[in-house]
Number of protein chains: 2
Amino acid sequence: MPDSLQETPTILHNSSTLHGHQLETSTAPYTEMAQDDLNWKTFFEENSKPNHFDENVKLISEVCQQAAIKKLRVALITSGGTTVPLEKNTVRFIDNFSAGTRGSASAEYFLEAGYQVIFLHRSKSLEPYSRHLVGRSIFDIIEICPENIIVGEKHQAEMRKLTEKYQRYKSSLLMISFNSLSDYLWLLQATAQKMQILGPLALLYLAAAVSDFYIPASQMPCHKIQSSGGPLSLSLQLVPKMLAPLVTLWAPNAFIVSFKLETNEALLETKAKESLEKYHHHVVIGNLLHSRKVYVLLVDRNNSAPEEIRLSDSELESGIEIESKIIENLKIRHDNYYANHKTG
Amino acid sequence: MPDSLQETPTILHNSSTLHGHQLETSTAPYTEMAQDDLNWKTFFEENSKPNHFDENVKLISEVCQQAAIKKLRVALITSGGTTVPLEKNTVRFIDNFSAGTRGSASAEYFLEAGYQVIFLHRSKSLEPYSRHLVGRSIFDIIEICPENIIVGEKHQAEMRKLTEKYQRYKSSLLMISFNSLSDYLWLLQATAQKMQILGPLALLYLAAAVSDFYIPASQMPCHKIQSSGGPLSLSLQLVPKMLAPLVTLWAPNAFIVSFKLETNEALLETKAKESLEKYHHHVVIGNLLHSRKVYVLLVDRNNSAPEEIRLSDSELESGIEIESKIIENLKIRHDNYYANHKTG
């Protein structure tokens, strides 16, 4: 078993100095690929299962089994950001910016396209249907009458439409939530494995904003880091790239779509292609932080030209969401994958 | 103007090595108190005002002016955790664990005790009244009838009670939200200054979980930190202690209550006392991460014995919240403060 996680530096809270935390840097040679190949198993050994894990896996398993019997497609959608604790009694953590907009909108379009959806999302991030009501208080939507409490007249039409959709699709939608990186990875692994029964009917749509860096549990301080120690140096390890075992071991027959969020446009296509070459999955959707609601770039592993999806200003104004076009596009790609997989 | 923020280390993303980020440690001498005394002005110079700042300050000012005319008490309640960006195009940030439970519950009890409340809270953290509905979907609360959309029968009693309270108090409650540490500090300063008009009628209840460490804007990378650079070292600066200018300059006549959240019980009373000795405000409420819903320790600056508030199991089971007792206690302390302030 590799012990490379232990060789690298961590938070050193040096109580012998009043003037600052001290940090040692590692001098050990470091090779990213070698770590990737080895460390995902170590990660699961070092981080215990989340609360309610077995109950959640049972629910996931039931969805997959029922869908397999009925030959229904199942989309696993991951959504929202993962957290990385900096302390064992977690007061502070590193978080990734993600409201869950992409994932929650996409869930609605996958449902409308006939998929069963497992929505693996950050607790309190946006959820399908209720996302449309964000920023509005329920107390401003409902009104008290002497005999009843009703939805106010100006909200009736919208609430009727949303509630009807919610009722129509709720039996096709399984919501599972996570907070930490570790919770997320445990649930991702288990879900992918349970989806194996679906073969190429399974689609993975990895829209969650997953931490790249973490502090291994063995290297975290037990108590809250005291600010009286002065400036703080943190040394974070790379999270093992779980896409590697996901594609080769956990979900070898599923159609797998990942995202690359960048802030630098110059890196977008290159990063997407590098990811496909490295992990051999099916589609990478590149997007930029500041244009992600109107522009994405779909890159596939067959080296065909990247496909752009853009919303025009008029589409945007009329309320069309880019996710409707993304899922329409992916549905066709998944059709082809399924046809080739069956006959191949 | 001190330039000590520039003297200390930051993220060094050394592109000349493939094997890891490098970090330099500062060798400059460092004195916490000296930095505290000087840096709060620098912080505001280096971090620009949040969006909608002027509109929000106008709303805050109106609340204070109206209350001053009517001689009403105003409580500023801060609630939820602040974020600290790690990048300028913020993808990653450090966050503090805080759902906003303490602040949102306390807001309800301050309103019931006759205060006007300015609720300065982390965006999407718990809010008064709606906090009771967390985890429940609005779509499961309401039901579609042919003619109307109504609140389902089993939710009627609770929703009626909550909606009535919300309606009764909403004109006494101003909700202002923040995300980052910088947003929070700008709004805290401005609110405290606008509350000066209230003299000792003003109460500040600082329940937000404010970051202790941050990366100065001048030292942040512009683009998303790439994981291909290997392990990441972060060097965080101490946030200037804003309680010092808050007590002496921004709100010199207000009754000020701060919180100390610890995970180590042995440190609780000592930390609370140290804080009072350092900042000369009025009450520190000490609490422990794992018992904060059933136990707090109130320490005041007159060196009288600390006062414990505990919820018994039966109180907890009957739905009593510890915040009802905290606010009852603080109301009496604020009465005394007001009486002495007027005659003193």
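Structure data summary
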item: Residue in the stretch B:134-148 that is in contact with a strand residue (DSSP E or B) (Cβ under 7 Å, 6 or more places away or on another chain), assigned to a strand (DSSP E or B) and at the interface with chain A (Cβ under 7 Å from one of its Cβ atoms) present; result: yes
item: Unique residue being touching a strand residue (DSSP E or B) at 6+ places or on another chain (Cβ under 7 Å) and either among the small types (Gly, Ala, Ser) or over 26 Å from residue A:234 (Cβ atoms) (or both) when the list is B:98, B:130; result: B:98
item: Single condition residue B:256 does not satisfy, out of (1) buried (at least 20 other Cβ atoms within 10 Å of the Cβ); (2) more than 30 Å from residue B:68 (Cα to Cα); result: (2)
item: Any chance residue A:106 is more than 10 Å from chain B (Cβ to nearest Cβ), surrounded by 23 or more Cβ atoms within 10 Å (Cβ to Cβ) and polar (S, T, N, Q); result: yes
item: Answer from A:24, A:87, A:32, A:7 - the residue that is modelled with pLDDT of 75 or more and either surrounded by fewer than 19 Cβ atoms within 10 Å (Cβ to Cβ) or within 14 Å of chain B (Cβ to nearest Cβ) (or both); result: A:87
item: Enumeration of residues in the stretch B:274-306 that are open to solvent by 70 Å² or more (accessible area, probe 1.4 Å) and over 24 Å from residue B:100 (Cβ atoms); result: B:274, B:277, B:278, B:280, B:301, B:302, B:303, B:305
item: Conditions (1) of a type outside the set (Phe, Trp, Tyr); (2) touching a Phe, Trp or Tyr at 6+ places or on another chain (Cβ under 8 Å); (3) open to solvent by 10 Å² or more (accessible area, probe 1.4 Å): number failed by residue B:330; result: (3)
item: Test: residue in the stretch A:110-129 that is modelled with pLDDT of 90 or more, assigned to a helix (DSSP H, G or I), in contact with an Asp or Glu (Cβ under 9 Å, 6 or more places away or on another chain) and surrounded by fewer than 23 Cβ atoms within 10 Å (Cβ to Cβ); result: no
item: Selection count, the stretch A:67-82, where residues are open to solvent by 10 Å² or more (accessible area, probe 1.4 Å) and either in contact with a Gly (Cβ under 9 Å, 6 or more places away or on another chain) or in contact (Cβ under 8 Å) with a residue 40 or more places away in the chain (or both); result: 4
item: Test: residue B:153 is facing chain A (nearest Cβ under 10 Å), out of contact with any Ser or Thr (no Cβ under 8 Å at 6 or more places or on another chain) and farther than 29 Å from residue B:292 by Cα; result: yes
item: Verdict on residue A:270 being part of a helix (DSSP H, G or I) and either open to solvent by less than 10 Å² (accessible area, probe 1.4 Å) or within 13 Å of another protein chain (Cβ to nearest Cβ) (or both); result: yes
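Quick grid of which residues meet (1) open to solvent by 10 Å² or more (accessible area, probe 1.4 Å); (2) in a helix (DSSP H, G or I); (3) touching a helix residue (DSSP H, G or I) at 6+ places or on another chain (Cβ under 6 Å):
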| residue | (1), (2), (3) |
| --- | --- |
| B:165 | yes, yes, no |
| B:169 | yes, yes, yes |
| B:174 | yes, no, yes |
| B:182 | yes, yes, no |
| B:185 | no, yes, no |
| B:197 | yes, yes, yes |
| B:200 | yes, yes, yes |
| B:203 | no, no, yes |
| B:235 | no, no, no |
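The rows are residues; the columns are (1) on the phi < 0 side of the Ramachandran plot; (2) within 14 Å of the chain's Cα centre (by Cα); (3) within 12 Å of chain A (Cβ to nearest Cβ).
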| residue | (1), (2), (3) |
| --- | --- |
| B:168 | yes, no, yes |
| B:187 | yes, yes, no |
| B:208 | yes, yes, no |
| B:214 | yes, no, yes |
| B:230 | no, no, yes |
| B:247 | yes, no, no |
| B:256 | yes, yes, no |
| B:265 | yes, no, yes |
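The values are calculated or read from the model by the stated rules, or taken from the named source; none is laboratory data. Because the structure is a prediction, the values reported are computed rather than measured. As a convention, Cβ positions derive from the backbone with ideal geometry for all residues, glycine included, and neighbour counts pool all protein chains shown. Heavy atoms of the whole protein, side chains included, go into the accessibility calculation; ligands, DNA and RNA do not. Shrake-Rupley method; radii C 1.70, N 1.55, O 1.52, S 1.80 Å.
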